[in-house]
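To start, the structure under review is shown below, and the notes come after it.
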Amino acid sequence: MRRFGMPSTDPLSGQIASLLDHPATTHGLARSLRAAAREIELHRHHHASQRAWPSGRIDQKPTKVQIGGGTHRIDGFFNIDAVPPADLLWDVREGIPLHDDTVQTIFSEHFMEHIDYPCSVKHYVAESHRVLVPGGQIITGVPDAAFALSQYPGALDRSTETIDRWYAKRDCLGDINTQLDLVNLVFRDQDDDPNYTAHLWAYDHEKLVQLFTEAGFTTVEPWTFDSSMANPKRRWGSVYVVATK
């Protein structure tokens, strides 16, 4: 399958890299520079695809679409992501580059919490409604804030399954000292890894129902986890819904 959008170098990225290597660069500035470098990378991929499709609509009309899948690919789904690997490199914060009423199923998991709310999130949900056929469905999975809050307040149990499943291999493990730290990781999860995008908003079932209903979806119901589509490691501590147009 053809993949659209190709990276290139640019002077600004080189300047940022030089500043990151400079011994006088402070920790705070380095964090901001890494965030800027990532946004430049996303813009570069998006702009390359946008030049190929200036109308904002690609020629293909896939009926099954995966958004922000990263390395987790679903057989038979057309994957749109802001970074490789993807069938189309496109920043969906700027819209979904598909034609109206053409998609039967959209799937995304652990993606929506990484884009800004309300602007980008509500635009993405509205765009999903636009491209879906009548009766089409969007399946969405996110970290479950209600689950994280159900453990708070209370003493931190360092043997808890939450820590073992989510953070055992993360650099932040040593900084999980209270139950509130676990809550913060769901709401604001961030890392100094330049390839990691922080959590910008938290969701529970009630919020997902409100969000998709506001966009015009007729029903929003819990989705029964299907490991042939969803990433098995996301099953625990997540909330999934299926919204029907």
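Let's test the formula: R0 of 22 Å, r as the Cβ-Cβ distance of Arg165 and Glu221. What FRET efficiency results, to the nearest 0.05? Working shown, then result.
Details: r = 26 Å, r/R0 = 1.16.
Computed FRET efficiency for Arg165 and Glu221 comes out at 0.30.
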A chain fully extended from Ser32 to Thr178 at 0.36 nm per residue, minus the present Cα-Cα distance, gains in nm 49.8 nm
Listed residues Leu88, Leu182, Leu156; largest mean-square fluctuation, Gaussian network over the chain with Cα springs below 10 Å, found at Leu156
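Compute the FRET efficiency between Gln210 and Lys61 as 1/(1 + (r/R0)^6), taking r as their Cβ-Cβ distance and R0 = 35 Å, and round to the nearest 0.05.
Values: r = 30 Å, r/R0 = 0.87.
It comes to 0.70.
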With every protein chain kept in place and a 1.4 Å probe, segment 37-142 has an accessible area per residue in Å² of 38 Å²
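In segment 1-115, carbon and sulfur make up what percent of the accessible area (probe 1.4 Å)? Mind dumping the intermediate values first?
Values: 3200 of 5910 Å².
About 54 percent, which is the carbon plus sulfur part of the accessible surface.
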Looking only at lysines whose Cα falls under 29 Å of Lys122's and that sit 8 or more positions away or on another chain, we get Lys61, Lys64, Lys207, Lys233, Lys245
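Let me know the charge dipole size of segment 17-163 about its Cα centre in debye, to the nearest 20, where only the beta-carbon of Lys, Arg (+1) and Asp, Glu (-1) is charged. Walk me through the numbers on the way to the answer.
Working: 13 positive and 18 negative charges, 57 e Å.
Value, rounded to 20: 280 debye.
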CD proxy, 222 nm, the chain: helix-only mean residue ellipticity via -39,500 (n - 2.57) per DSSP H run with n ≥ 4, per residue, nearest 500, stands at -10000 deg cm²/dmol
Given unit charges at Cβ for Lys, Arg (+) and Asp, Glu (-), the dipole magnitude of segment 138-245 about its Cα centre in debye, nearest 20, is 260 debye
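Have a look at the DSSP beta bridges in the chain and tell me what percent are antiparallel, nearest 5.
Values: 11 of 27 bridges.
For the chain, the DSSP antiparallel bridge percentage is about 40.
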Given Cβ charges of +1 for Lys and Arg and -1 for Asp and Glu, the option among Val142, Ala243, Gln179 whose Cα lies farthest towards the positive end of the dipole of the chain is Ala243
Among beta bridges assigned by DSSP with both residues in segment 102-245, the antiparallel ones amount in percent, to the nearest 5, to 60 percent
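The values are calculated or read from the model by the stated rules, or taken from the named source; none is laboratory data. Remember, predicted model here, so these are calculated numbers, not experimental data. So basically every Cβ, Gly included, is an ideal-geometry build from the backbone, and we count neighbours across all protein chains shown. Quick note on the areas: whole protein, heavy atoms, side chains included, nothing else; ligands and nucleic acids left out. Shrake-Rupley method; radii C 1.70, N 1.55, O 1.52, S 1.80 Å.
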